[in-house]
Amino acid sequence: VFKDGVSRERFIFQVQVSMQQSDMQEIGNQIRHCLLIPFDNGSVSIVTEDVQISPILVLQCDAEAQQTLKGLFLWPNTTGGTNATCACPKNPRHSAIRPCKLSQWTHWKKPNLEDCPPVIEIIPDLDHVEVTPENAFDVVEMIEELLRNQSTLTYKELVTVLNKLKDIISVSVVTPYLGQSLINIISNILESDSNLGPFTNTILNITEEVGDKMVGYEGSYTLSAPAVAISVVDVVPGQFSSLSFGVMSDWTGNKAEIFINRYPSEDMVAFISLPSVLQNNLSQQSLDQNQPRIQFQFYANQLIFKSKPKKPVLNTFVVSASVTNASSPIKDLNEDVEVMLHHLQPNTHDKEVHCVYWNFSKNGHGGWDDHGCRKYNSTPYYTTCLCDHLTHFGVLLDVSRTQLDPAHEHILTIVTYAGCGVSSLFLGISVLTYIAFEKLRRDYPSKILINLSLALLGLNLMFLVNSWLSSWGLYSLCVAAASMLHYFLLASFTWMGLEAVNMYFALVKVFNVYVPSYILKFCALGWGIPLVICITVLMVNRDAYGSLLYTDAEYTLEPLDNSDNFCWLKDDLTFFVSVVAYAGLIFLFNIGVFVVVLIQIRHMRFNSPAGTRRGLLQDLKGVASLTFLLGLTWTVGFFTWGPARVVLLYLFSGLNTLQGALT
């Protein structure tokens, strides 16, 4: 204490003395004696109030590998109280400095990396970083830094981050500190303006795995972030009676607080009560078994649980409860699990509400299901639920973009694949025949028909192999398959339109029509326009292509094992603009040409000499040929709405998959 009595300071002195272990107490007493002697020089007086002496147990910082955004640094063994230097990985002419702090437990401090240029600048660069037990937390810090100023994540970036999170969990001991960092990253992903639909199952599984693997706490522990929170409770078999979780939060879902075994109140946005009968599903702990654990999850972001258009929308936050190390599946319980959820928008008009749960296997990629859940009570503000458990051408032009009944889906798939196979066979025979016999391909109509056949053959073949290519689970391969299918579909539409143009020139504009390099220009249009459209889609929005039914196994997350996965246009706007609108314009033109040609044929028939007129049956055959040649059967796809939707889809699939055989 200074003499004027104004200032009070605390000092830490470090004294390094070489001595025997047995002399430690004696040296400590000598140091204490010296420090307790008052000091006074007339102007300053120092009086010691408290002396604490601790031995320096660690004298140096051990060698350590540190993975950062600026590269991998290998810090050597360094004596406490000195600095270690390490060359920058990207520019060895510069160095990084890291102090080794001398203390009772001498340790490394945060390095100064200001002079080092970054090695990992964008999220895809993380693909080159191997996660190990030693660098796992370093990788977590790298991900947090990369996500800090990024509001939107692309499909590939999401894949990279989620794969790294899975690797971190698999190689690390998940402490509460690491678990909180992982939950923070998941929350940042949920709050980003990204398309999370394809990754719902993956994110849910990763979140649950954090809670399942967390150690280093006693009894219970809660991890909370703005968009997600989890709470885990270790239970003792034989002593479980009941358990409840409640969540209090603002109406954005932020600042969530989880309460255990607290009676529900009006301030709660979610509440789950687990019945005592759950005791029957808790395994009796043995030496080789882990203790049963109940985990509760709260999701404040509903965008991860996207509903299809024209479907009921999610009007609550999402909560879940699960049991780790259960002796049997938690289902068909004799006593119900009670779930109370607060409506985000008041149900003032008494609309129908449904109690649902997230079925990971529904639709191949997860979806809402009401099996085993029922509504117990509902008000404009709350709903209480009771639960007993914790692809074919028709889709490509199905402008409603809604799901079919599974039975019809299966039948349509068989019809489509069979039709495509038959069409591919006849188209292949037709192309080979025209190639083998030169006389058959001398006139313009034959050359146009060859190109149309090639486009349809490509379309049929790409459709037949699409699911197989998708099953490889490679994102780049799926994008290639989807873009090729898109290209051949547009090429088929374009050549149908060019067929109509040629027919108009031949039957209506019979005279004074000469176009230099006629077929060459047709080829430039027939194959060039679709190419320009597909390239434009890839340049503007590469993520528009992908699998319609990807699960959490997307893009190397896990090998896909569902042959029903289909690579196509995922983005609705791209689908309607580049497929529906394009096809609609062509078919409007083809219908116009079809009507004009029919009128012209009728005039020619009435003007022909008596006795040379064809019969009605021959005229009908001609009309049918024109219909298939101009692709007018595709227009059926524009009317697959309402009650007649399923019937029209059967008609659409049958007619168009056999177009190649009938053209």
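Some notes on this structure:
- The test for being loosely packed, with under 14 Cβ neighbours inside 10 Å, under 28 Å from Val171 (Cα atoms), among the charged types (D, E, K, R) and out of contact with any Lys or Arg (no Cβ under 8 Å at 6 or more places or on another chain) holds for Glu130.
- Selection count, region 256-271, where residues are at pLDDT 80 or above and either at negative phi or open to solvent by less than 10 Å² (accessible area, probe 1.4 Å) (or both): 9
- Odd one out for Val131 among (1) farther than 30 Å from Val232 by Cα; (2) in contact with a helix residue (DSSP H, G or I) (Cβ under 6 Å, 6 or more places away or on another chain); (3) not hydroxyl-bearing (Ser, Thr, Tyr): (1)
- Out of Leu344, Leu274, sole residue that is hydrophobic (A, V, I, L, M, F, W, C), over 18 Å from Gly197 (Cα atoms) and modelled with pLDDT of 85 or more: Leu274
- Of the residues making up region 65-101, those that are open to solvent by 40 Å² or more (accessible area, probe 1.4 Å) and of a type in the set (Ser, Thr, Tyr) are Thr79, Thr82, Thr85, Ser95.
- Answer residue from region 315-332, given it is hydroxyl-bearing (Ser, Thr, Tyr) and in a strand (DSSP E or B) and is surrounded by the most Cβ atoms within 10 Å (Cβ to Cβ) among those: Ser320
- Subset of region 220-233 [out of contact with any helix residue (DSSP H, G or I) (no Cβ under 8 Å at 6 or more places or on another chain) and open to solvent by 40 Å² or more (accessible area, probe 1.4 Å)]: Ser220, Thr222
- Residue that is nearest to Glu114 (Cα to Cα), among those in region 42-64 that are open to solvent by less than 50 Å² (accessible area, probe 1.4 Å) and in a strand (DSSP E or B): Cys61
- Of all residues in region 102-123, those that are surrounded by 13 or more Cβ atoms within 10 Å (Cβ to Cβ), out of contact with any helix residue (DSSP H, G or I) (no Cβ under 6 Å at 6 or more places or on another chain) and over 16 Å from Gln66 (Cα atoms) total 4.
- Qualifying residue in region 188-209 (condition: farther than 26 Å from Asp571 by Cα and either part of a loop (DSSP other than H, G, I, E, B) or open to solvent by 10 Å² or more (accessible area, probe 1.4 Å) (or both)): yes
- Restricting Leu477, Leu456 to residues that are open to solvent by 40 Å² or more (accessible area, probe 1.4 Å) and either modelled with pLDDT of 80 or more or closer than 24 Å to Ile519 by Cα (or both) narrows the list to Leu477.
- Test for Pro237: is it at pLDDT below 80, open to solvent by less than 50 Å² (accessible area, probe 1.4 Å), over 23 Å from Ile185 (Cβ atoms) and not β-branched (Val, Ile, Thr): yes
- For the residues Gly428, Gly372, the requirement of being under 30 Å from the mean Cα position of the chain (by Cα), small (Gly, Ala, Ser) and modelled with pLDDT of 75 or more singles out Gly372.
- Of all residues making up region 500-548, the number that are among the aliphatic types (A, V, I, L, M), modelled with pLDDT under 75 and within 24 Å of Phe463 (Cα to Cα): 1
- Screening Ser151 with (1) more than 30 Å from Phe245 (Cα to Cα); (2) at pLDDT 90 or above; (3) under 21 Å from the mean Cα position of the chain (by Cα) gives one miss only, at (2).
- Residues within region 333-364 that are open to solvent by 50 Å² or more (accessible area, probe 1.4 Å) and under 26 Å from the mean Cα position of the chain (by Cα), tallied: 7
The values are calculated or read from the model by the stated rules, or taken from the named source; none is laboratory data. Not measured: the values here are computed from a predicted model. So basically every Cβ, Gly included, is an ideal-geometry build from the backbone, and we count neighbours across all protein chains shown. What goes into the accessible areas is simple: the full protein's heavy atoms, side chains included, and nothing from ligands, DNA or RNA. Shrake-Rupley method; radii C 1.70, N 1.55, O 1.52, S 1.80 Å.
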